[in-house]
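Every number in this text was worked out from the coordinates using simple rules, so none of it is lab data. Values in this document were obtained by computation on a predicted structure and should not be read as measured data. Don't worry about glycine lacking a Cβ; one is built from the backbone with ideal geometry, like all the others, and counts go over all protein chains shown.
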Amino acid sequence: MFNEQEKLILGVIVFIYFIFLFGLSVYIGRKVKTYDDYNVAGRSVSIFPLILTFVGTAIGGSILLGYMTNGYILGMGQQWMNVAVGGMSVLFILFLTKRIRMLGEKHNMVTIGDFTAMRYGEGARIPTAISMLVAYCAITGMQFVAIATILNLTLGMSMTSGILIGWILLTLKTYFGGMEAVIIQDAIHGTIQTLGIFALFVVVLVLAGDWGSMASYAESMGEGSHLSIFSIAPAEVFVFMLTVGAYQFVRQDVWQRVWAAKDLKTSNNGYLISIVLSTAIGVVCVAIGVMSKYGMQMDIANPSLIYYEIIGQVLPFPLVIVMLIALLATVISTADSFFISAASSIVNDIIKPKAKNFNDEKMLKYSKLCVVIVSFISLFLALYIPKLVTLWITGTAMLVSGLLAPVLLGMFWKGATRQAGIISMWLGLSVATAWQLMGHPLGWHPVFIGLPVSIVTLVIVSFLTKGPEVEAVPEVDSIAE
C-alpha cells in the first residue's frame, strides 16, 4: 500500500504521536493525587471536554473500521446499529442520568458496582465486576486489534506484534495518566476524529456521484437491496438492540462521566450533544462503506481494509497521514477510557471492600495496578477473537445479560429483592458465557438466552423472597425528591 519511504515517514510520525501522548499522560498524572482524581477526574469536568470525551469513547475502532467494513459488505441495513445505540442513549438521558447523578453525589459512587451493592448488598459487587471486566476487556482488546491493523498496513508489522505493541503503549499511557489525562486527551482526539471522518465523508460523497447511478450499479451486481436500510434480518436488528443498544444503559464509562461532570446540567447537555455527534459519525461510516462500493465502484479483496484503501485512493499522501492520525485518535480515545472503567471495577468492587485502613494513596496505587491486570485480560481477548465488531457485540452481550435487568429493575422497582438481584446477575452472565463458549447452539445469540434468564430469575425470586427483605432495600425513588 505504501512504498518504503512513505512507511518510514508514517512510522516516525506514529512514534512521535505516541511519545507525545505518553509524555502528556505522565505530566497530567503528576497532578493526580487522589483516588477520585484518577477514576472520575475529581468530579469537575466542564461541558466542552465532556462532550468530546463522550464522543471519543463512543467512537472506537469498531465503528470507524467495523461499521465501514460492514457497510461495504452488507449495505445500508447496518445503520440499525446506529439506531440501536442512538435510541437507547436518548432513553438513558430521559430516564436515568438524573437518578445516576444524584445517587453518585449522595453515596460518592465510582462504579456501577457501588449502585448494585447499595441496592442488593455487598455480594452484588463480584458479579457486577466480572460482567464489567468481560465487556470492557473485550472492547479494550478490540482497540489493540485496530492499532495492530494500522501498524500492519503502514509498517508491514505482523498482527501479533502490532497487538503486543498497542498493548504496551496503551497500558503505559493509561497507567500514568488516569481519567483526568483520558478526558484531556479525548478532547484532542475527539476533535481530530470528528473533523477527519466528516471530511472523508464529503470527499467520498462527491466522488460517489448521484444515488441513481449507485442504484443502477448495485442492481447490476444483484445487490440492489443493499441500498435500503431494511436489507437486514429482523433477528439481527434485535441482536443490535439487545447488545450494543441495551449496553448503553449499563456503560460504566458513561456513568463515570455523568459523575465526573461538574453538575447535572453539564452531564445531560454534554451527553446529548455527544449522542448526536457520535450517531452521525456512525451513520457516516456505514454510508462511506456503501458509497465506496456502489458509487466509487471499488473492488476490495479484503473489506476489513476498506478505510485504508479509500484514503489511499482518494487522498494525497500528506492527507493520508492526517487520516491515519485521526484513526489512531479514534482507537486510543476508546481504549484508555475502557481501561479506566474496567480497572475501576477491580479496585473499587473487589479490592476496596476487602482492604483494611485504606487511604487515597493506597487506593491510587491499586488503581494503577488494576490497569495492568486489565491490560493482560484484554490482550488475551484480542489474540483470541481478533474481529472488531464480533468482539464488541460479544462483550456487550455478556454485560447486558448479567447486569441490565438487575440495574434497571433495581432502579425503578422496589420489589426487587437482594437475593433475586444477585442470583439473576450470576445466572444471566453464566448462561450467556456458556452459550458463547458452546458456539451459539440453535443459531441463537447469547443475549437471547442470558437476558431472559436474568429477567425471569429476578422477577420470580423477588416474589418468592418477599417479606422483611423488601424493607432493607434502599428507597431509590427518594433521590428524585
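For Ser216, Ser401, the sequence from fewest to most other C-beta atoms within 10 Å is Ser216, Ser401. Computed on the Cα atoms alone, the convex hull of segment 217-346 gives a volume of 158 cubic angstrom per residue. Taking the Cβ of Arg43 as the centre, find all other residues whose Cβ is under 12 Å away and add up their charges (Lys, Arg: +1; Asp, Glu: -1). Combined, the nearby Lys, Arg, Asp and Glu give -2.
Using bins of 5 Å that start at zero, the share of Cα-Cα pairs per bin across segment 1-130 amounts to 2, 7, 9, 13, 16, 14, 15, 12, 7, 3, 2, 1, 0, in whole %.
Among His226, His189, what is the fewest-to-most ranking by other Cβ atoms within 10 Å?
The most exposed by this proxy come first: His226, His189.
Spin-label model, Ser231 to Ala215: label points 7 Å out along the Cα-to-beta-carbon direction sit 1.3 nm apart. Its residues counted as N, segment 124-283 yields a C-alpha radius of gyration over 2.2 N^0.38 Å of 1.31. For Val45, the residues 5 or more places off, or on other chains, whose built amide H falls under 5 Å of its own are Ala261, Lys262. The gain in end-to-end length when the Val26 to Asp299 segment is fully stretched comes to 93.8 nm, 0.36 nm per residue minus the alpha carbon separation. By the rule of a C-alpha distance below 24 Å, with chain neighbours fewer than 8 residues away ignored, the lysines paired with Lys356 are Lys33, Lys106, Lys365, Lys368. The label-point distance for Asp263 and Gln5, in a model that sets each label 7 Å from Cα toward Cβ, rounds to 5.8 nm.
Legend: calculated FRET efficiency, Val90 to Leu207, from the Cβ-Cβ distance at R0 = 41 Å, rounded to 0.05, equals 0.80.
When you count the other C-beta atoms within 10 angstrom of each residue and take the mean per peptide, 134-143, 404-413 line up highest first as 134-143, 404-413. Excluding Met363 itself, what net charge comes from residues whose Cβ is under 12 Å from its Cβ, given Lys and Arg +1 and Asp and Glu -1? After counting each charged neighbour, the total is +1.
Tell me, in nm to one decimal, what length is gained between Val372 and Trp413 on full extension, where the rule is 0.36 nm per residue of separation less the Cα-Cα distance?
On the way: separation 41, 0.36 × 41 = 14.76 nm, distance 3.75 nm.
Roughly 11.0 nm would be gained on extension.
Relative protection proxy for 331-344, 365-378, 249-262, 437-450, from highest mean packing down: 331-344, 249-262, 365-378, 437-450 (other beta-carbon atoms within 10 angstrom).
Over the chain, DSSP H runs of length four or greater, each weighted -39,500 (n - 2.57), average out per residue to a 222 nm ellipticity of -25000 deg cm²/dmol. The smallest convex shape that holds all Cα atoms of segment 93-160, its convex hull, gives 121 Å³ per residue.
Seen against the Cα atoms of the chain and their longest principal axis, helix 159-208 is set at about 50 degrees.
Radius of gyration over Kirkwood radius for segment 277-395, both on Cα atoms: the Rg/Rh ratio is 1.13.
Take each of the peptides 90-97, 191-198, average the number of other beta-carbon atoms within 10 Å over its residues, and list them starting from the highest.
The peptides rank, most packed first, as 191-198, 90-97.
If the viscosity is 1.567 mPa s and the temperature 4 °C, what translational diffusion coefficient in µm²/s does Stokes-Einstein give for segment 4-390 when Rh comes from Kirkwood over Cα pairs? Result for D is 61 µm²/s. Computed from Cα positions, the angle between helix 360-384 and the longest principal axis of the chain comes to roughly 50 degrees.
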